[in-house]
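Novice: After the structure tokens below, expect a handful of questions from me.
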Amino acid sequence: MSIDWEQTFRNWSKPSSDHECEKQERAERMVSEAIRAHDKLKTLDLRIISQGSYRNNTNVRQESDVDICVCTNVPFYGDYTLADYNSDLTGNVSHPYTYREFKNDVESALVDKFGRSSVTRGDKAFDVHENTSRVDADVIAAFAYRLYYKKRLSPGQYSYETPYVKPTGVKFYSDSSKLVQNWPEQHYSNGVDKNKRTGYRFKLIVRAVKRLKFHLIEKKIAAANNIASYLIECLIYNVPDGVFAGDSYKNNLQEALVHCYAATKIDEGCKDWTEVNGLKYLFHSSQPWTREQANAFALAAWAYVENN
């Protein structure tokens with residue numbers, strides 16, 4: 001008996017239930033309370049940023065945890081690789097508060113709030129374990145990341161400005177010294193804009209494809225293994241807006257997969273594709289996935305729907 005994919009995708013495209021949302025919001029609120037109560041952290045200029053599929057409203061049942069970034073605006077990391085000057089021109093000076101100290105203080109705040117047994121320090125994030133009233137929370141400690149551009153004359157043309165990307169990104173080092181740079185604010189705003197341009201279909205189709213991935217894993221379709229949900233969201237983001245037209249979720253999803261498959265067959269087809277933030281290339285040597293993996297997944301997902 002063939003699967004009614006239209007109804008299946010309509011079911012899979014739904015966001016978290018109200019009950020699950022309450023547990024997610026409670027986890028986010030409690031993490032914020034923990035940080036704001038810490039003697040040292042509460043004196044800092046901080047942003048507490050919900051991020052990932054939870055904030056971007058593309059999460060599905062199999063990934064109901066929340067991702068939270070605790071970010072200092074000062075100190076921050078400055079990047080001058082695109083600029084024609086260095087920190088001397090900006091007047092930025094090194095700050096005595098190191099990133100390692102900051103990460104340790106975030107850990108201390110979480111342990112004070114939730115207890116040692118409820119907090120596990122991972123290589124990149126702290127895992128605040130779920131209970132009956134809240135979902136699992138992954139908490140990252142980061143410094144603000146300022147990517148500077150070339151200097152330009154100020155409006156009065158009496159001095160130079162040293163512009164950088166705003167809102168600032170976030171940057172941190174894992175305990176194993178791996179560098180991570182992200183742009184959660186740009187990801188959120190670009191995703192919202194894409195959703196509006198596609199008649200609010202973009203996020204529905206992202207959720208449906210994510211659920212399809214988990215279904216393929218259950219069916220032991222090898223191409224679905226190790227495909228990050230974040231990669232799926234970015235792939236669908238690069239699909240032209242017009243693909244999301246019409247009333248059929250099945251047609252939208254399959255046409256999106258066809259576009260992803262065709263574009264990822266060769267490097268040239270997707271060399272300009274970016275993450276949803278619009279600032280990082282999707283297929284770069286630093287990424288944990290490859291174009292070939294994305295191509296194999298798009299083909300396998302389309303074929304499974306077509307033949308079942």
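Novice: Taking the dipole about the Cα centre of the chain, with the C-beta of Lys and Arg at +1 and of Asp and Glu at -1, give me whichever of Leu216, Ala301, Phe244 is farthest to the positive side.
Specialist: Most positive-ward Cα: Phe244.
Novice: Moving on to the next point. Using bins 10 angstrom wide from zero, how does P(r) for the chain break down, in % of all Cα pairs?
Specialist: 6, 24, 30, 24, 13, 3, 0, 0
Novice: Then there's this: When the C-alpha atoms of segment 16-182 are aligned to their principal axes, what extent does each axis show, in angstrom, from largest down?
Specialist: 60, 33, 28
Novice: Just round it to a whole percent: the fraction of Cα-Cα distances in segment 186-307 exceeding 24 Å. Present the calculation step by step, with values, prior to reporting the outcome.
Specialist: Details: 1476 of 7381 pairs.
Value for segment 186-307 (Cα pairs over 24 Å): 20 percent.
Novice: Check Gly169: other-chain or 5+ apart residues with amide H under 5 Å from its amide H, H built from backbone geometry?
Specialist: Here the answer is Tyr145, Leu147, since their amide H atoms fall under 5 Å of that of Gly169.
Novice: Among the DSSP beta bridges whose two residues both lie in the chain, what percent are antiparallel, rounded to the nearest 5?
Specialist: 70
Novice: If the cut-off is 22 Å between C-alpha atoms, which lysines fall inside it for Lys203, apart from same-chain ones fewer than 8 positions away?
Specialist: Output for Lys203: Lys14, Lys23, Lys194, Lys213, Lys250, Lys280.
Rule-based calculations on the coordinates, nothing more; no lab input. Values in this document were obtained by computation on a predicted structure and should not be read as measured data. Positions of Cβ are backbone-derived with ideal geometry, glycine not excepted, and every protein chain shown enters the neighbour counts.
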